[in-house]
Structures are given as C-alpha cells and as structure tokens.
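Contents: one structure, followed by commentary.
The values are calculated or read from the model by the stated rules, or taken from the named source; none is laboratory data. These numbers were taken from a predicted model, which means no experiment stands behind them. Here Cβ is always computed from backbone atoms with ideal geometry, including for glycine, and neighbour counts include all displayed protein chains.
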Amino acid sequence: MSNFESTLEIDCTGRGGADAPVLELLEPRSVLLGPRQEVRRVLPHKLRRMIGAWCFVDHYGPATIGGQPGMRVAPHPHTGLQTVSWLLEEEVHHRDSLGSDTMVVPGELNLMTAGAGIAHSEDSPPDHSATLHGLQLWVALPESIRHSASRDFTQYQDLPSIQRDGLRATVLIGELEGATSAATAYTPIVGAELAVEGDVVLTLRPDFEHGVLLIDGSASVEGQELAASEIAFVGSDRDRLHLSTQGPARLLLLGGEPFDEPIVMWWNFIGRTHEEIVEYREQWNAGRDRFGAAPGTRPTDGVAAAGPERLLAPPMPAMRLKSRGRQR
Ligand code: MN
C-alpha cells in the first residue's frame, strides 16, 4: 500500500507515558488512495505515533468491488520498514523489485522487508472476487538493519494458532502465549489476529506496549468499547488483557518493545533526517538503483483507472522534516 499523505510531516515516534498501563482510544481517519480507494488510517495518530515498532496501520473494506478495478497501487518504493499485508477477503497481486510475482491471499502473512530500498505494486487481479477487505501495516526497522541489503519478500502460510474457549488466535509475527511465528522481525514485536466470542483474557508480555484494533463485530478491550477500525491502546506493564464481545468479533493485537529511535516518515519512506528523505525521493524519481527495477508493466486489462507505470514522489513540503524523540 502506498501513503499519499505527502503534505504531512510525520515524525513517527512513540511518546512518553507508555511505560505504564493506559487506555487510549485511537480513532481512524479516512484517507483516499485513489478515486475509489478509501482506507481508515489509525497509525500514525496524533495521540500515538507507534505501538512498538508498528508505525502505520491502514484498514480497508469490506468494500464491494465487483465490476470495478479494486485495488490499484502502481509501483512505488519503500525504505527502512517492513510491510505486513494481511488480507481478510479477496486476493491481491503482489509484484516487487526482487522479482516476486504472487498472489496475496487471506490467512497468509505477506512480509516485505525494504532494508535500504525496495519497490512493489499491488493490484486486484482482473478476475477478482466481489469484496476487498484487509489490513496494511508497516514496521519500522532499527538502525542496525535499515541500511542493509536485507530486501526480502516472504509468504508465511503455516502460522501458529492458539485455540481455547472463545478464542482462536493466529500469530502473524512474534510470540503470543507460547505460539511463535516463523516470520522475521528485527525488534521484539507481536502481531496476532484474534477471533473472539464472549469473554477472553489474554496473557501479555509486560515489557511490551500493546494496542488492539477491532476488525469487525462488537467488542470491548479492558472495558473500552470499540467501533470498527478503532484501536484501544493499553500501554505497557500489563500481563493480562480482558476482551469481551457480543457475538463473534475479529480483532488485531499489535505490540512490541517501545521503539526508542526517532524516525522520520514521509510518503513511503522512513529515514532519520530530512536530508535522507530528500535523497530517497530524488533517487526514486530518477529511477536509481537503490530500489531495484520496479516491477513489470501493469496489467493491460482495459481498466481506465490503471494509473501511471510508477508512482512518483510528490514535491517535498516547504518545511524541513524533523525527527524527535519519544518524549515530545
Ligand atoms: Mn507499499
């Protein structure tokens, strides 16, 4: 997924006060990715930039796309982050500058590590089904890995799960209650889809901060009722978390060690300074090697909204991009 909020400066770091249990409601905002592509963006949020290293959360759909193009995201770059694609319905055609050319389908974790630079495209296939629904998440890479040639795209099909009364949890990345995903993370994080019915108590790592997003259904987290796409941020220093639903509900648990490095997030790039972002932008728009060859030509399926071959980065904002520490 591509970030089109190019005019916003986003110093995407955590903030103080998360070293204890809290209960904050993070409401999403609507963002248009194209003429017919609307997402609800919950992170970064004015109240809470990050949850662990998780720094970007888009929830899209369920949207009826029968007879329409569906998802159309032309080749675009990323730096300094991992993308986590988690589909709930339909499928998406993923291509990237590593040569990956594959379908992203529900129930499989699709993890792309940008390292110093990568490019990818995401499109609904021409014969796509009627409903598009999913989550697009970014994880900030730490300093020790972000410059490296760690570019990678891996699909994880056999994710561990936890099943007990009222709960079926699928662990995307990290570890939850002894179930450990094979997905590669570069800072201690956890991500898990939770199918909950009734009252459930989860066991958490108290050194992590956590948030829970409601995907669908009706649910509360530690008594905080959630609407779809909202996150209850619960801070850290908790070893138990109480979830309660009316009927079946799906939620997404995100957590991790508070990410202490100040980072700058602009368009589809994560860096540390204004100058780095300027360099990434110039290199991408000039077609330089950092990102590898952009994935192949877009499907010529007669869809007028197919868009440009490559998404070019917009002009930099007039102000300097700043990075700030967690304590704002
Ligand atoms: Mn993307």
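Quick rundown of the values:
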{"quantity": "Test: residue in the range 132-144 that is surrounded by fewer than 16 Cβ atoms within 10 Å (Cβ to Cβ) and part of a strand (DSSP E or B)", "calculated": "no"}
{"quantity": "Residue in the range 157-169 that is surrounded by 20 or more Cβ atoms within 10 Å (Cβ to Cβ) and either part of a strand (DSSP E or B) or touching a residue at least 12 places away in the same chain (Cβ under 8 Å) (or both) present", "calculated": "yes"}
{"quantity": "Flag for Val104 being within 16 Å of the ligand (Cβ to nearest atom), touching a residue at least 60 places away in the same chain (Cβ under 8 Å) and among the β-branched types (Val, Ile, Thr)", "calculated": "no"}
{"quantity": "Residue match in the range 238-256 (condition: under 21 Å from Ser85 (Cβ atoms), within 16 Å of the ligand (Cβ to nearest atom) and either charged (D, E, K, R) or not in a strand (DSSP E or B) (or both))", "calculated": "no"}
{"quantity": "Any strands (runs of 3 or more DSSP E) falling wholly within the range 27-117 and containing at least 1 residues that are surrounded by 21 or more Cβ atoms within 10 Å (Cβ to Cβ)", "calculated": "37-43, 54-64, 72-78, 81-89, 92-96, 109-113"}
{"quantity": "Total residues in the range 1-52, condition at pLDDT below 70, within 16 Å of the ligand (Cβ to nearest atom) and under 17 Å from Glu257 (Cα atoms)", "calculated": "1"}
{"quantity": "Boolean, Leu137 is within 13 Å of the chain's Cα centre (by Cα) and modelled with pLDDT of 95 or more", "calculated": "yes"}
{"quantity": "Any hit, the range 55-71, residues being within 17 Å of Ala114 (Cα to Cα), among the aromatic types (Phe, Trp, Tyr) and away from the ligand (no atom under 14 Å from the Cβ)", "calculated": "no"}
